[in-house]
Amino acid sequence: MLDVAVEEARQGLAEGGIPIGAALFSADGSVLGRGHNRRVQQDDPSVHAETDAFRAAGRQRNYRSTVMVTTLSPCWYCSGLVRQFNIGALIVGESTTFRGGHDWLAEHGVSVTVLDDARCVEMMTDFIAARPDLWAEDIGE
Ligand SMILES: [Zn+2]
């Protein structure tokens, strides 16, 4: 499932954006929606990978059985989205370059898996080194 999110992150990078991708899956493993950070592309700081994937999935009757997969530990905004809609599971590509709210989500009953995926770590490490200004903007520093 992480492969879909990584594809999205790479697409974002190719577009000149921030390489964070995500996808929302149903319990049977099918993709409900996928997306990537489009802060730069759409001049919109609210389009994070998770919100983009969430919006692409459209209306779902219930989110408890869905799985949010993201290349990077979710920021507070996206952690809030997972909690607000009662998404049951979260799979995180890596939390080395940025540690968001995944521990908080685990404390509140979300099934959290951190994969420590080398592709995700390398992509963010390279991006942060290349565009520290853009990264600081994205995390509000
Ligand atoms: Zn976010």
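The values are calculated or read from the model by the stated rules, or taken from the named source; none is laboratory data. Please read all numbers here as calculations on a predicted model, not as lab measurements. Using ideal geometry, Cβ is built from the backbone for each residue, glycine included, and neighbour counts are taken over all protein chains shown. Surface areas here come from the heavy atoms of the whole protein model, side chains and all, with no ligands, DNA or RNA. Shrake-Rupley method; radii C 1.70, N 1.55, O 1.52, S 1.80 Å.
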Quiz item: If you plug each phi of the range 85-100 into the Karplus form 6.51 cos²θ - 1.76 cosθ + 1.60 with θ = phi - 60°, what whole-Hz ³J(HN,Hα) values come out, in order, with x for Gly and Pro?
Solution: 9, 6, 5, x, 9, 10, 10, 10, x, 7, 9, 7, 7, 8, 10, x
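With +1 on each Lys and Arg Cβ and -1 on each Asp and Glu Cβ, and nothing else charged, work out how big the dipole of the range 2-54 is about its Cα centre, in Debye to the nearest 20. Show your work: numbers first, answer last.
On the way: 4 positive and 9 negative charges, 16 e Å.
Taking the Cα centre of the range 2-54 as origin, the dipole is about 80 debye.
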Exercise. Determine the share of the range 1-41's accessible area contributed by carbon and sulfur atoms, expressed in whole percent, with a 1.4 angstrom probe.
Key: 48 percent
Quiz item: Stretch Ala27-Phe98 to full length: gain in nm at 0.36 nm per residue minus the Cα-Cα span?
Solution: 22.8 nm
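Below 8 Å, C-alpha to C-alpha, sequence gap of six or more: please give me the relative contact order for the range 27-94 in percent. It would help to have the intermediate numbers written out before the result.
On the way: 93 pairs, mean separation 19.9, N = 68.
Relative contact order for the range 27-94 comes out at 29 percent.
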Practice problem: With a point put 7 Å past each Cα toward its Cβ, work out how far Asp3 is from Leu134 in nm, to one decimal. | Solution: 2.7 nm
Quiz item: What nm distance separates the two modelled labels at Glu141 and Asn62, each placed 7 Å from Cα along Cα→Cβ?
Solution: 4.1 nm
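Express the Stokes-Einstein translational diffusion coefficient of the range 1-101 in µm² s⁻¹, to the nearest whole number, given a Kirkwood radius over alpha-carbon pairs, 37 °C and a viscosity of 0.692 mPa s. Intermediate results must be reported in sequence, preceding the final value.
Values: Rh = 13.0 Å.
Value of D from the Cα-based Kirkwood radius: 253 µm²/s.
Compute the Rg/Rh shape ratio of the range 44-96: radius of gyration over Kirkwood radius, all on alpha-carbon atoms.
Values: Rg = 10.6 Å, Rh = 11.4 Å.
Here the Rg-to-Rh quotient is 0.94.
Which order, highest average first, do 85-97, 57-69 follow once you tally other Cβ atoms within 10 Å for each residue and take the mean per peptide?
Averaged packing, sorted descending, gives the order 85-97, 57-69.
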Practice problem: Run the accessible area of the range 57-104 with a 1.4 Å probe and give the carbon-and-sulfur part as a rounded percent. | Solution: 49 percent
Self-check item: Rounded accessible area per residue of the range 1-41, 1.4 Å, Å²
Solution: 39 Å²
